[in-house]
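Read through the structure below, which is laid out as C-alpha cells, and then see the notes.
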Amino acid sequence: MIIGWVGVYLIYQQHWTGILLCLVASVLALVALRRGRRIALEQRRRLQLALDRAAARNRELEGLRHLAATLLGSSDDVNYLFREIAKAATQLLEAEGCVITLVVEEGRFLKAVATDGFLEGATGILIPADHSLTGWVVTHDEALLSDDMQADPRSYDVEGLTSRMKSAAIVPLRSSGLAIGTVSVHNRRDGRPFGDNDLELLKTLGDQVVVGVDRAQMLDEARRNQRALEDKNRELQRSTDLKSQFLANMSHELRTPLNAINGFSDLMLTEEMGPVNELQREFLASILRNGKHLLGLINSVLDLSKIEAGRMALNLAPTDLHAAIQGVVTDTAPSAPARIRKSGWRPDRRR
C-alpha cells in the first residue's frame, strides 16, 4: 500500500521510478489477492471436511443408538439381533457386505450366523479356521485389514456370491477373554480401503454382538430355570396330592381296627361280658387309654391343613402329673421284663 502511494507521488513529480513502483505494488496486490483466495479455499475445504466428519460421526452415533435400542428391546431372538448388527455394520462403515461368524466344531470351523449385502447368500456356511482370514483373526485374537483379499494367501473363497470380496476389515469377538468369532465388513462403496477408524467402529459393533450373545444366553438360561422350577412345582404338587390321598386312606385303614380295639376294651371294662379282676381291669384301661391317645395322634397328623397354614392350635389345660406318670408306668410295665432280659442286666450286677 505504501509503495503504491510512493509511486503515485513520484509520478506526480514526473519521476519515471514512480511507474515502476506502481507496477510493483499492483503485482504484490495481485499476489496477495491470489494467496487470500487460496487461503479461503483451504479454510472452506477444511470446514467442509469437518462438517463431513461431524455428519459421519452423528450417523455413527445414531446407528449405535438404534442398535442399542434394538438390543435392549423386547426381542430375545439372537439370530434377529445378529442380523440387525450385520445391517448396522454395513451401513455405518459404508460397506457392500458384512458377515458375523461364531466358532463351532471345537474350533475347527467358523459358522456364518448373520450376513448382509452381497454376502447374504453365505448365511450358514462353514469357514475353515486354518485356511481363512476369519480363522486367522480368531487364532491370533487380532484385528485385521486386507486391501486385496484375492492376493492374500490366507483368504478363503466363498462360492455363490454375487460379487467378489476385494477388501476386508475383521475384528475378533471376545467373551470372557476368549475369541468366540468375528465380525467383518467387505468392499467399501467408494472403493477406498478400510482404515484404523473403521476397525475401532467395528470393535464397538463387535462388543454389541457379545452383549447380544450374553443377553440371549441369560434369557435362555432364565427360561430353562423357569421351566425346571415349574416342573419341580408340579412334581411337588403331585407329591402333596399323593400324600394327602395316602393319609386319607391311612386314616380309614387305621381308624377301623382302632375303633374296634377301643370299643371292645370299653365294653369289657363295663363287665357286661362278664366280671374282670383288678389286674385285667388295669390292662384293659391301659389298652383303652393308649388307643384313645393313638386316635388323637392320627387326628392331629391328618389335620395337615392347619399345620401347613401355621394355625395349629395348642390347648393349655391343667394336668394331673401323678396320674400321667402312673399311666406311663402302667403302659410300659408289661414290656419292662423283656427289655431287662434283652439288656442282660442282673440284680446282683454292680455298676
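Along the Cα→Cβ direction, 7 angstrom out, place labels at residue 266 and residue 244. What is the inter-label distance in nm?
Inter-label distance under the simple model: 3.1 nm.
Do the alpha carbons of any pairs in 111/203; 87/232; 243/292; 111/166 sit beyond 31 Å of each other, and which pairs?
Correct reply: 87/232.
Kirkwood hydrodynamic radius, segment 128-222, all distinct C-alpha pairs: what's the number in Å?
Result for segment 128-222 stands at 14.3 Å.
In what sequence do 104, 209 fall when counting other Cβ within 10 Å, fewest first?
If I rank by nearby Cβ atoms, fewest first, I get 104, 209.
Sort 222-229, 248-255 by the packing proxy (mean of other Cβ within 10 Å over each peptide's residues), most packed first.
The peptides rank, most packed first, as 248-255, 222-229.
Which order do the peptides 89-102, 130-143, 181-194 come out in when sorted by mean C-beta neighbours inside 10 angstrom, highest first?
Answer by packing, highest mean first, reads 89-102, 181-194, 130-143.
For residue 139 and residue 226, what is the calculated FRET efficiency with R₀ set at 35 Å and r taken between the beta-carbons, to the nearest 0.05?
The formula returns an efficiency of 0.35 here.
Could you run the Debye sum over the Cα atoms of segment 186-315, one equal point scatterer each and no solvent, and tell me log10 of I(q)/I(0) at q = 0.11, 0.18 Å⁻¹, two decimals?
At q = 0.11, 0.18 Å⁻¹ the computed log10 ratios are -0.72, -1.05.
Which whole-percent values make up P(r) of segment 189-241 when all C-alpha to C-alpha distances are grouped in 10 Å steps starting at zero?
Values per bin, smallest distances first: 20, 22, 18, 14, 12, 8, 4, 1.
No lab work stands behind these numbers, since they all come straight from the coordinates. Keep in mind that this is a model prediction, so the values were computed, not measured. All Cβ positions, even for glycine, are placed from backbone atoms using ideal geometry, and neighbour counts span all protein chains on display.
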